[in-house]
Every structure is written in C-alpha cells, then in structure tokens.
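First comes the structure, then the notes that go with it.
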Amino acid sequence: MIAFVHRRRVAVTLAAATAAVICLDGISAFVVPASTRRPHASPSASAVRMSTSADDEVAALMAAAAKMREEAKQLAEDLGYDPGADASAAEQAVERNALGAAELASVLAQKTSPERVVPTGVGLDEIAETGALSLWGAAVSRGNRRPTAPISVSDPFACSLQDLESRSTGKLTAESLGIGGEMDVSLDDFKDATVIVVAVASVLAVAALAFLPENVGATVCYFCALIPIIWIGVGSTAPGALAGLIQASRSDGEGAEERKERVCHHEAGHMLCGYLCGLPVRSYSVDEATGVPCVEFESARGDLSSNDVNALTVVALSGSVAEALKYGTAKGGDNDLMELQNCFRRSDEFMGDAVQRDRTRWGALAAFMLIKEYRQEYDNLVKAFRAGKEVNECIVAMEAKP
C-alpha cells in the first residue's frame, strides 16, 4: 500500500511538473522580444522600471521552467519511463518486412535445426530483431516495445456475452462458437439415446436365446443385459463421453471436401493467432483423415504465468472463431476447449469458474480482432494449409513481401 501511494505521488508530481513546464514555456510565446519593441522618444523612469521588472520576472520564470524540466526528466527516469519509447514503437509499427519469399525462406531454413520443423522462439526473436519478421509476437509486449497488434495478451479485460456479440457485430455468440445452443446435447437427447440402447440390447438378448446354442445364447443374453447398466453408469459418472457419442452420431451433411475446407480455416486461425502471440510451434503434421496440416504450440512446463494462459486462451478459441466467421457456426472446437481447461488448471494464479468463463470470452474476442486485423495474412494461410505447405512456408505466406 505504501509503495502504491508513493508511486501515485511520484506520478502526480510528474504530471504537475510537466503541466507547469508547458505553461511556463507558453508564457515566453507572449513576451515581445527586446529587439522588436518600439522605442519611445522619451521613456519615463516608471516605464523603464516596469520593463526591467518584467524582464527580470520572465527570466526568473524561464529559469524555474528549466529547473522543473530537469526535475520532470529525473522523475521520469525514476518511474522507468522512456519518453522515446512511444516514437520507437510507432516506427516499429509502420516498418514492414522487406524480404521476398525466397529470401525469407532461406533465412528461416538457416535458423531451423534438423530435429525441428521451424525455428525455436529464440531463433524467431533473432530473425525479428533484424527486421525480417514484422508479425512474430505482434500481440506481445517486449520491454519498452509495445504490441503492434490491435490487442495485447498482457492486458485482458472483462468481456460478457453481450460484449462479445456486440463487438463482433453479432458474428460471435455461444451458439456460433459451439459452446451453447443447438449443438448442445439436451436431457431429451440422453433420454432418447437411453431408450434406444435398452431396446437394442433387449432385441439382441432375445435373439441370442432364440438362435444361438443354449450356453452361448445365455452368455450373450447376460452380456446384452449389462449394456444398459454400463450406459447408465457412464452417463452418471462421465456424461461428456456420452454427449460426444451422441454428437458424433448426428449427420452434419458435410462431404469430405467441405470438411477439409473447414479444417483449413480452423487450423489457419490457430496458426495466425499463435504466431502473433509469440508461441513457437511444437509439432506440425498432416492429419490422415483430412489431409490438412495440424499445428500445436509449445507452452511452458509446470505452472503457467498469466501471459502464457492469456496467449493459449486466444489460440484455443481462434480455430472456432475462424470457423464461425466463415461458416456461421464452429464444429471443431471441443478438443481445443478441453486443452484450455488444462491450461486454466496449470495457471500459477487461481482461476475460479467466473474468471475462466470471462477469460474464454475475452480470448474469443481477441482472436476475432486479430483475424480481422490481419485478414490478408489469414487468407494466405488458408491457401497454404489447403496446399499442405510446410510450417516455414506458412510463415513465409504471412510475412513475405507481396
């Protein structure tokens, strides 16, 4: 508390000193220089005294301004504030990568070790310092360098469902993200599924007794009688498992090509947001079922810091957000949400249910803002994933000069 009060006093003093300097500097703008004053033929003694007094007063004020300017500079140093940081950040924001695709690919290949598919985070940092990468970690604060992205993973804010819907112009809702609404499994769905399981098990039991040998038929009948009991037991202890089976049994009407295209958008959302959040790629492999590369990002071992949790939250929601923006609803975010729950449990700060829900909504909004801001890079990634490009080629697709 004492440190907070001291910091507040220092900040207030700095603000007051700065305002005083501005005011005192402004006074000089209204003082007529001596060389431009029109001399009178016979100035009176009182006029001379007034002029001398005014000059002395201005000189005293200017000296006080210089002193307060020095004090303000010292206070800024005490607070650790660099006046040139903002200008430096602005310069970095407008400076774009000047390398072509072939040149950037060569630089990335040089930094990629044989046992990896992409440079490490340190390697990408080194490339970014040369100016070859402008998007790597754009949503992360690094020292005095402020994020160039429209949102920072270091500064999450409260976000209600209404905020999420309004700020995304109605594109992101609980239903569209697949975390509520029509895609949920209702109690009636469980009831209907239980009736079907009991009916099928009964028919099989009767058929076993009627058509199989006596001993074999009795054994199969007893096994069939256990099926409804097992179903109800699993539903009581792990309802999510049964919900997944029920959802999987539903036909979504999508063909193989439609499914592949949806996965391309989903994974491109992950890749873009993970890259902007400064998360190195841990694995990158082609899914045999869809033929589309899937990307996974590295995270710190053990407990996760607040910034790590924030970045992983954005990445976890980015796939569903990308789907929702393209198709109106997301269907592939279940595994991402389970991974997100693991991240929340590994946080070095306790996160209650309310905080987790709020952070999840913020992550969805942050992913929306990043995809919207870097739409061209996102579209390039979709094309790269559709063609099954390697991860370094995906980085080139985002960063290379057109």
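The values are calculated or read from the model by the stated rules, or taken from the named source; none is laboratory data. The structure presented is a predicted model; accordingly, all values stated were derived computationally and were not measured. Cβ placement follows ideal geometry from the backbone for every residue including glycine, while neighbour counts extend to all protein chains displayed. Areas reflect the complete protein model, heavy atoms only, side chains present, ligands, DNA and RNA absent. Shrake-Rupley method; radii C 1.70, N 1.55, O 1.52, S 1.80 Å.
Read through the list (1) under 25 Å from D155 (Cα atoms); (2) more than 13 Å from the chain's Cα centre (by Cα); (3) free of Cβ contacts under 8 Å to residues at least 60 places away in the same chain, then give the number of the only condition that A387 fails.
Result: A387 fails condition (1) only.
Working only within region 289-310, note down all residues that are open to solvent by 10 Å² or more (accessible area, probe 1.4 Å) and of a type in the set (A, V, I, L, M).
Pass one, region 289-310, residues open to solvent by 10 Å² or more (accessible area, probe 1.4 Å): 289-291, 294-303, 305-308.
Once the filter is applied, which keeps residues that are open to solvent by 10 Å² or more (accessible area, probe 1.4 Å) and of a type in the set (A, V, I, L, M), region 289-310 yields A289, V295, A300.
Tell me, yes or no, whether region 390-400 has at least one residue that is more than 20 Å from the chain's Cα centre (by Cα) and open to solvent by 40 Å² or more (accessible area, probe 1.4 Å).
Yes.
Check off (1) open to solvent by less than 40 Å² (accessible area, probe 1.4 Å); (2) more than 15 Å from Y275 (Cα to Cα) for V118 and give me the number that stays unchecked.
(2)
Name the one entry in T360, T313 that is in contact with a helix residue (DSSP H, G or I) (Cβ under 7 Å, 6 or more places away or on another chain), buried (at least 22 other Cβ atoms within 10 Å of the Cβ) and polar (S, T, N, Q).
Values: T360 fails: buried (at least 22 other Cβ atoms within 10 Å of the Cβ).
When all the criteria are applied, what remains is T313.
Residue-wise test of (1) in a helix (DSSP H, G or I); (2) within 21 Å of L124 (Cα to Cα); (3) in contact with a Phe, Trp or Tyr (Cβ under 6 Å, 6 or more places away or on another chain); (4) at pLDDT 95 or above.
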site	(1), (2), (3), (4)
G302	no, no, no, no
V314	yes, yes, no, yes
L337	yes, no, no, no
Q341	yes, no, no, no
A364	yes, no, no, yes
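For region 121-147, name all the residues that are open to solvent by 60 Å² or more (accessible area, probe 1.4 Å) and either within 30 Å of V355 (Cα to Cα) or not charged (D, E, K, R) (or both).
Within region 121-147, the subset open to solvent by 60 Å² or more (accessible area, probe 1.4 Å) is 122, 126, 129-130, 142-144, 146.
Across region 121-147, the qualifying residues are V122, T130, R142, G143, N144, R146.
Restrict the check to region 342-351 and report whether at least one residue is among the aromatic types (F, W, Y), more than 24 Å from E390 (Cβ to Cβ) and free of Cβ contacts under 8 Å to residues at least 24 places away in the same chain. Outline the logic, then answer.
Looking only at region 342-351, we keep the residues that are among the aromatic types (F, W, Y), and these are 344, 350.
If we keep only those that are more than 24 Å from E390 (Cβ to Cβ) too, we end up with 344, 350.
Cutting the leftovers down to free of Cβ contacts under 8 Å to residues at least 24 places away in the same chain gives us 350.
Scanning region 342-351, I find at least one residue that is among the aromatic types (F, W, Y), more than 24 Å from E390 (Cβ to Cβ) and free of Cβ contacts under 8 Å to residues at least 24 places away in the same chain, so the answer is yes.
Does P150 qualify as being under 18 Å from the mean Cα position of the chain (by Cα), in contact (Cβ under 8 Å) with a residue 40 or more places away in the chain and surrounded by fewer than 20 Cβ atoms within 10 Å (Cβ to Cβ)?
yes
Find the residue count for region 270-283, including only residues that are part of a helix (DSSP H, G or I) and either open to solvent by 40 Å² or more (accessible area, probe 1.4 Å) or among the hydroxyl-bearing types (S, T, Y) (or both).
Restricting attention to region 270-283, the residues satisfying the condition of being part of a helix (DSSP H, G or I) are 270-276.
Going one step further and asking which of them are either open to solvent by 40 Å² or more (accessible area, probe 1.4 Å) or among the hydroxyl-bearing types (S, T, Y) (or both), we end up with 275.
Of the residues in that region, 1 qualify.
Touching a Phe, Trp or Tyr at 6+ places or on another chain (Cβ under 9 Å), under 23 Å from V396 (Cα atoms) and surrounded by fewer than 24 Cβ atoms within 10 Å (Cβ to Cβ): does that describe V286?
Details: touching a Phe, Trp or Tyr at 6+ places or on another chain (Cβ under 9 Å): no; under 23 Å from V396 (Cα atoms): yes; surrounded by fewer than 24 Cβ atoms within 10 Å (Cβ to Cβ): yes.
Taking the combined requirement at face value, the residue does not satisfy it.
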